[in-house]
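> Please see the structure below; I have some questions.
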Amino acid sequence: MTVNGVEQVRDIEPRLLLVHLLRDELRLTGTHWGCDTSNCGACTVWMDGLPVKSCTVLAVMADGRSVRTVEDLEGPFGLDQVQQSFMDCHGLQCGFCTPGMLMTARKLLDDNPDPTDTEIREAISGQICRCTGYRNIVAAIRHAADAEAAGRGDT
Amino acid sequence: MQVPAFFEYQRATSVAHVVTLLERFGPEARIVAGGHSLIPMMKLRLAQPELLVDVNDLHELAGITVEDGVLRIGALTRHAELLASPLAGEHFPILHDAERVIADPVVRNRGTIGGSVCQADPSEDLSGVFTALRAVAVVRGVDGDRTVPMREFFHGPYETAVRPAEILVELRVPLQPGAGSAYVKVDRRVGDWAVAAAGAVVSLGPGGVVEQVGIGLTAVGDADFTAVEAEDLLRGRVADEYTFAAAGEAAATHCRPVADQRGPVDYKRHLAGELTVRALRDATARAHRGGSTE
């Protein structure tokens, strides 16, 4: 499989979950291991370009596929806009849900660069913020959308 | 940490390969697609298969098409794909109504239509949808394909007509031109299992008389997810609020909900009646507009 563009080969047990492969074997601890029941979304990563909950994907099922984690958001020119906007808008408090929120937010804006607040709330409805900081998370995603629109020269 | 027990894993290269593996390993083999029902059950040791057969590479099981007056939905179709399908929404808005309230967008990226109906959870939304639609399941085994009407598909909680060495390959929904359809659900929070839910498919004749109707009920104890008494009552009568109320009463009377953490029996019975009325109302309004949601 490739993880963040890097080919990874491991000999693993079939029962190893993707979240544990990422965290324990590859030491990519940005992906958080939360509820373990596919409810909270802290473990959300991309597999073949789609956000999935990595606590409910067997690592072996990702064989031959491409996985992207929160570590890959930052580019050569700095933080991804969603990361920057979460900082600017205080979109995180304890930070536990943040990696999943960021991965879902990035995918939302890639597909829909100008979402309504309802669409943002719908997109993150599979993520739980136990600080209940949803208002600022929505504001941060809105801010990222606006910043990216400004960057493209949209009015 | 929740980790499944030991099992072997094979990635299937064709549907025939799946059937061969299921034949060889018997009932201890399980098919995994999205895994969002099976993997949580394996973590809790409620399921302990010896072999998992991964069907995620079998593109022959995916896709949504219309052929010869039938909407065909491949078993490997993801919930997100069904929700995004204009073809599905155009013919049967009930499919989009239901998909919007199944789990959450990230889970819907992974979970499959086939996996949901084969799991046969008593609270599974699509079970009530496909019984309302009078869909037909196509199941493949060593002897080839056979078809099972969805109204005969469910044999009880977590049990279906699919035998150990068989695989569900697709669901076929006969097109019903002019029919209106809708699905309504009450849940405790976004993405949760239904406390109760109802789906309705209504075809109207001259004078607004109900020609054909399908009513599916989810999470209220109907083993076959169907409100047959309410359907019988509606056929041949004018689709109006009086008729809907009578149908709702029939659905509430004949369902068999059980009390659990989602609510007591009387509340669920009330919901079965009220949601039947609302689903009929929405489906009929759509039928008056030629079946569309516009």
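The values are calculated or read from the model by the stated rules, or taken from the named source; none is laboratory data. Keep in mind that what you see is a predicted model, and the values were worked out from it rather than measured. Virtual Cβ from ideal backbone geometry, glycine too; neighbours counted across all protein chains shown. Just so you know, the surface numbers come from the protein's heavy atoms only, side chains and all, with ligands and any DNA or RNA stripped out. Shrake-Rupley method; radii C 1.70, N 1.55, O 1.52, S 1.80 Å.
> Please state which one of B:Asp224, B:Asp240 is under 30 Å from B:Leu58 (Cα atoms) and open to solvent by 30 Å² or more (accessible area, probe 1.4 Å).
B:Asp224
> Between B:Val162, B:Val209, which is among the β-branched types (Val, Ile, Thr) and in contact (Cβ under 8 Å) with a residue 40 or more places away in the chain?
B:Val162
For (1) β-branched (Val, Ile, Thr); (2) touching a residue at least 12 places away in the same chain (Cβ under 8 Å); (3) more than 20 Å from B:Ala5 (Cα to Cα), each residue gets a yes or a no:
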residue	(1), (2), (3)
A:Gln8	no, yes, yes
A:Ile12	yes, yes, no
A:Leu17	no, yes, no
A:Gly30	no, yes, yes
A:Thr37	yes, yes, no
A:Pro51	no, yes, yes
A:Ser54	no, yes, no
A:Ala62	no, yes, no
A:Pro76	no, no, yes
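> Counting only residues that are in contact with a Gly (Cβ under 7 Å, 6 or more places away or on another chain) and not small (Gly, Ala, Ser), how many does the stretch B:24-63 have?
2
> Right, another one. What number of residues within the stretch A:40-57 are out of contact with any helix residue (DSSP H, G or I) (no Cβ under 7 Å at 6 or more places or on another chain), of a type outside the set (Gly, Ala, Ser) and more than 7 Å from every other protein chain (Cβ to nearest Cβ)?
Residues flagged as out of contact with any helix residue (DSSP H, G or I) (no Cβ under 7 Å at 6 or more places or on another chain), of a type outside the set (Gly, Ala, Ser) and more than 7 Å from every other protein chain (Cβ to nearest Cβ) within the stretch A:40-57 amount to 2.
For (1) aliphatic (A, V, I, L, M); (2) within 10 Å of chain B (Cβ to nearest Cβ); (3) surrounded by fewer than 22 Cβ atoms within 10 Å (Cβ to Cβ), each residue gets a yes or a no:
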| residue | (1), (2), (3) |
| --- | --- |
| A:Ser38 | no, yes, no |
| A:Asp72 | no, no, yes |
| A:Gly75 | no, no, yes |
| A:Ala105 | yes, no, no |
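> Oh, and also: Among the residues of the stretch B:133-161, how many are under 15 Å from the mean Cα position of the chain (by Cα) and open to solvent by 30 Å² or more (accessible area, probe 1.4 Å)?
9
> So, one more: Return yes or no: is A:Asp146 charged (D, E, K, R), in a loop (DSSP other than H, G, I, E, B), open to solvent by 50 Å² or more (accessible area, probe 1.4 Å) and not assigned by TED's automatic domain parsing to the domain that holds A:Leu50?
In short, no.
> Another question, if that's okay. Out of the residues in the stretch B:19-29 that are aliphatic (A, V, I, L, M) and closer than 19 Å to B:Ala120 by Cβ, which is nearest to the other protein chains (Cβ to nearest Cβ)?
Only one residue fits best here, namely B:Ala29.
> Going residue by residue through the stretch B:30-46, is there one that turns out to be away from chain A (no Cβ under 12 Å), farther than 25 Å from A:Gln127 by Cβ and not aliphatic (A, V, I, L, M)?
Looking through the stretch B:30-46, at least one residue is away from chain A (no Cβ under 12 Å), farther than 25 Å from A:Gln127 by Cβ and not aliphatic (A, V, I, L, M).
> If you check B:Val148, B:Val162, B:Val190, which single one turns out to be among the aliphatic types (A, V, I, L, M), closer than 25 Å to B:Ile102 by Cβ and out of contact with any strand residue (DSSP E or B) (no Cβ under 6 Å at 6 or more places or on another chain)?
B:Val190
> Another question about this same structure. So, in the stretch B:251-270, exactly how many residues are in contact (Cβ under 8 Å) with a residue 24 or more places away in the chain and open to solvent by less than 60 Å² (accessible area, probe 1.4 Å)?
7
> Here's a follow-up. Please go through the stretch A:22-34 and pick out each residue that is under 21 Å from B:Met41 (Cβ atoms) and more than 10 Å from chain B (Cβ to nearest Cβ).
The answer is A:Gly34, and nothing else.
> Identify all residues within the stretch A:107-134 that are more than 14 Å from chain B (Cβ to nearest Cβ), touching a helix residue (DSSP H, G or I) at 6+ places or on another chain (Cβ under 7 Å) and not in a helix (DSSP H, G or I); write none if there are none.
Residues satisfying the conditions are A:Pro113, A:Asp114.
> Residue check: is B:Arg278 outside any helix (DSSP H, G or I) and open to solvent by 70 Å² or more (accessible area, probe 1.4 Å)?
no
> On to the next question. B:Arg146 passes all but one of (1) away from chain A (no Cβ under 14 Å); (2) not in a strand (DSSP E or B); which number fails?
(2)
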